[in-house]
Structure formats: C-alpha cells, structure tokens
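Everything below concerns the one structure shown next.
What follows draws every value from the coordinates through simple rules; no lab data is involved. Treat the numbers as computed from the prediction; the structure is a model and nothing was measured. Every residue, glycine as well, gets a Cβ built from its backbone with ideal geometry; the counts of neighbours run over all protein chains shown.
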Amino acid sequence: MDSTGADKRRHQRIYFSDEMVVGGVVVDPSGPAEIPVKILNLSESGIFFMVARDRSGSFLEKGTLLFKDMFGPAPFNLSADIQIKIKWIWDSAVLDNIGCGCEYIDPPPRFVEQARRMVEEFLAGGIQYEELGDDTWLESGRNEEK
C-alpha cells in the first residue's frame, strides 16, 4: 500500500497478533542510534512496523533506513543489515506511535528465502509461541523475557 491507499503488494503478507510480539531494530542514516520497532506484518519484499513517535526522528516517506535485527518467537529471529525504503507512513495525532510500510532494497537471496520460509511456515500453522507480554520494550529497546 502507498500513501494514496493503493495496494501494490506482490507477495503474501503475514500479520502478527497482539499476543505475538515481534520486534526489530532500525537505524536512521541521519543518526547512529538504534531504534526499537514493533513489527506488525512482513512479507518477502517488505515489513510494516510501529515506532514510538519520539523515536521516529526524521523518518520521511521515500526515505531509507537500515533494518538491523528482528527478534521474537522462533523463527522470527535474524540479523539482517538490509536497506529499506519507507514507502508510506501512517501517522495519526491521537496515537503515540507512527507506522512505516517499508520495502527491502536489494536484499540478498538468502534473506529473501528466509523471509519466504517464515511466511510459509506461519501460514501453514507450524509456528508455536508463548505470549511474550506487553510491548513496553518499544520505549527502552529489546524485549525483556518474563
């Protein structure tokens, strides 16, 4: 989907429920700090994540970020270092977070295959997970296991 609302997705996407917390880390090229995000959905070609408004810095539609890590229940753990392009931003003044729909830029084939397997396994019902608790880690960084 882009900022006009048109859905241009090429690949099947999976959506994570509130009980299945999948986090990530992105880096804005304008600053060296790692920024924690909550990943709400992914496909082999992109991700959608939420970021605390006060951590979103200078995120702009069509801007680029570095997608560093994904962490959550297996198999949603990986280190990536993949450039991503912000295709659209969901921003509502009544929310504390903003959403970013991003496309991977020239991901290596191994990463694409890993993302494809995650989607297929999730859709086949082969992923089991325990509830990971709330998402207060968005404020401070990685999820602390309880």
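Contour minus end-to-end for Gln83 and Asn41, with contour as 0.36 nm per residue of separation and end-to-end as the Cα-Cα distance?
Extra length from Gln83 to Asn41 when fully extended: 13.4 nm.
If I model a spin label as a point 7 Å beyond the Cα along the Cα-Cβ vector, how far apart are those points for Arg10 and Glu121 in nm?
Between Arg10 and Glu121, the simple spin-label model gives 2.5 nm.
Taking 0.36 nm per intervening residue step and subtracting the Cα-Cα distance, what contour gain separates Ile105 from Arg53 on full extension?
In short, 16.3 nm is gained.
Label 7 Å along Cα→Cβ of Val94; the range 39-73 residues with amide nitrogen under 17 Å?
Those under the cut-off are none; the list is empty.
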